[in-house]
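Undergrad: Please read through the structure below; I'll follow up with questions.
Derivation of every value follows stated rules applied to the coordinates shown; laboratory data play no part. Computed from a prediction, not measured in an experiment: that's the story for all the values here. All Cβ positions, glycine included, derive from the backbone under ideal geometry; neighbour counts span all protein chains shown.
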């Protein structure tokens with residue numbers, strides 16, 4: 001027999017054996033699941049902290065438990081992962097047939113099923129219609145597929161932008177993490193219904209502006225249409241939105257439409273305190289996510305996180321929210337992520353955000369939604385109350401009484417953008433701090449800095465202060481310059497930029513290489529006496545051009561710098 005006939009005979013025998021013709025490789029099964037469902041969850045053995053940190057720069061690490069690492073892959077990341085050569089197991093996909101969709105808006109508002117998207121839209125509109133003096137419906141933006149990203153403002157005198165701290169609760173930035181979606185709808189309902197009968201609720205609504213965004217990623221939750229039947233973590237373009245925010249060390253991170261809209265919304269409001277709700281674990285996770293080093297207010301973060309978890313332990317079922325023993329962890333201690341919303345708010349906006357994982361089930365079973373509410377609602381109220389404590393102050397011009405935008409800095413304590421700023425229109429600021437006695441340094445461009453010493457912060461109490469700054473009437477001509485000054489230049493890993501007075505405030509930063517290729521384009525805020533930090537670690541050696549544009553005045557400055565490697 002010739003070689004060709006032998007090969008054909010072998011193939012006929014091989015294909016005739018039952019089951020052998022159906023053999024599919026693990027990679028093929030992985031591709032098939034991602035193609036059909038938009039994502040796949042896998043697990044790998046724990047490869048060590050360094051390897052996990054490297055993985056998190058490439059794929060969405062979603063959990064690290066003892067010897068197992070869980071990863072969620074999308075069409076954009078599956079090939080990158082496979083090139084790394086890890087052995088993996090595909091996690092069995094949940095049966096979403098059991099996810100009950102409400103038959104009506106009235107049924108959905110019993111909070112034991114999931115609304116259709118149109119019902120969700122109607123529920124949000126009904127809040128504003130039923131409580132027009134307390135509730136305002138707004139949009140943060142739209143998704144890739146045109147779905148509204150809705151947000152409620154709840155406050156007394158809701159149509160007025162009062163001089164009150166603003167707070168923000170947001171859920172389901174990962175579309176298949178749905179427990180917080182219903183929790184936020186029910187919280188809005190609870191606050192509005194109980195305003196006139198519950199003094200604790202009334203105090204919150206009267207003294208805060210409370211913003212609630214139940215669904216940050218509608219394309220992920222309602223991937224196939226009007227009901228939650230095959231949700232995905234990602235947006236319609238396959239991006240993990242909680243790895244897509246401006247990062248302090250990688251400002252050129254690609255941003256999706258949902259992220260750009262959310263960033264714009266949060267920059268407008270500068271929330272004092274906020275929570276980003278997730279599922280997949282049961283823990284309160286506080287900053288930093290991307291750095292091993294601790295936030296200056298680490299003690300305060302741990303305290304408020306513990307209060308949330310401890311209250312859950314008291315009212316929830318035994319064993320609920322006890323990851324890491326206490327239900328609390330520092331983000332980096334769990335696993336590193338970059339481009340996360342939590343660090344963006346805390347770093348760039350000087351806010352205070354934690355991430356709360358509500359349930360091991362990514363899609364909370366409808367039968368468990370009431371348990372989720374009963375376990376968490378008191379903690380949700382208590383966390384908002386943090387915004388009414390700490391130091392609440394005003395900074396004024398000593399001569400005119402006008403509001404002054406100033407930096408409030410605690411010498412020997414503040415670091416990594418933990419200071420805060422007073423509002424340019426009202427002069428108000430909130431500095432959330434652990435109990436103790438604190439010395440504040442208040443400074444502003446064109447004013448003599450003022451030290452405010454021995455400010456006492458007591459747990460659960462507000463401390464009110466007023467600071468008057470004296471204008472510099474005949475300022476000495478110092479080293480201030482009409483153009484940005486860069487140092488060290490040449491640089492190797494970073495360059496700091498001292499801004500002239502006309503580039504203080506909100507600015508656009510653009511970096512080009514010598515061939516005219518744009519390498520970075522992002523918005524940030526610059527401050528007097530604080531150099532802007534440019535991370536150039538990942539840039540090749542050569543000549544680069546920096547363009548700084550003040551977004552208010554439109555004034556631009558162009559300068560150059562050199563990188564040596």
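Undergrad: Report the extension gain between residue 76 and residue 535 in nm, rounded to one decimal, defined as 0.36 nm multiplied by the number of residues separating them, less their alpha carbon distance.
TA: 162.6 nm
Undergrad: Same structure, new question: Within a 10 angstrom radius of the beta carbon, how do 228, 68 rank from fewest other beta carbons to most?
TA: 68, 228
Undergrad: Helix 3-16 sits at what angle to the longest principal axis of the chain, using alpha carbons and giving 0 to 90 degrees rounded to 10?
TA: In the chain, helix 3-16 runs at an angle near 80 degrees to the longest axis.
Undergrad: Still on this structure, please answer the following. Classify the chain from the C-alpha gyration tensor, please: rounded if a/c falls under 1.5, else prolate or oblate depending on whether a/b exceeds b/c.
TA: oblate
Undergrad: Further question on the same structure: Using only Cα atoms, find the angle between the long axis of helix 117-130 and the longest principal axis of the chain, and express it within 0 to 90 degrees, rounded to the nearest 10.
TA: The answer is roughly 30 degrees.
Undergrad: Counting only DSSP beta bridges with both residues in the chain, what percent are antiparallel, rounded to the nearest 5?
TA: 75 percent
Undergrad: When 560, 60, 122 are ordered from fewest to most other Cβ atoms inside 10 Å of their Cβ, what list results?
TA: Ranked by crowding around the Cβ, least crowded first: 560, 122, 60.
Undergrad: How far is helix 298-315 tilted off the main Cα axis of the chain, in degrees rounded to 10, range 0 to 90?
TA: Result, in degrees: 60.
Undergrad: Further question: For the residues 452, 64, what sequence is obtained by ranking on other C-beta atoms within 10 Å, fewest first?
TA: 452, 64
Undergrad: Okay, moving on. Which whole-angstrom value gives the distance between the alpha carbon centres of region 243-299 and region 424-465?
TA: 25 Å
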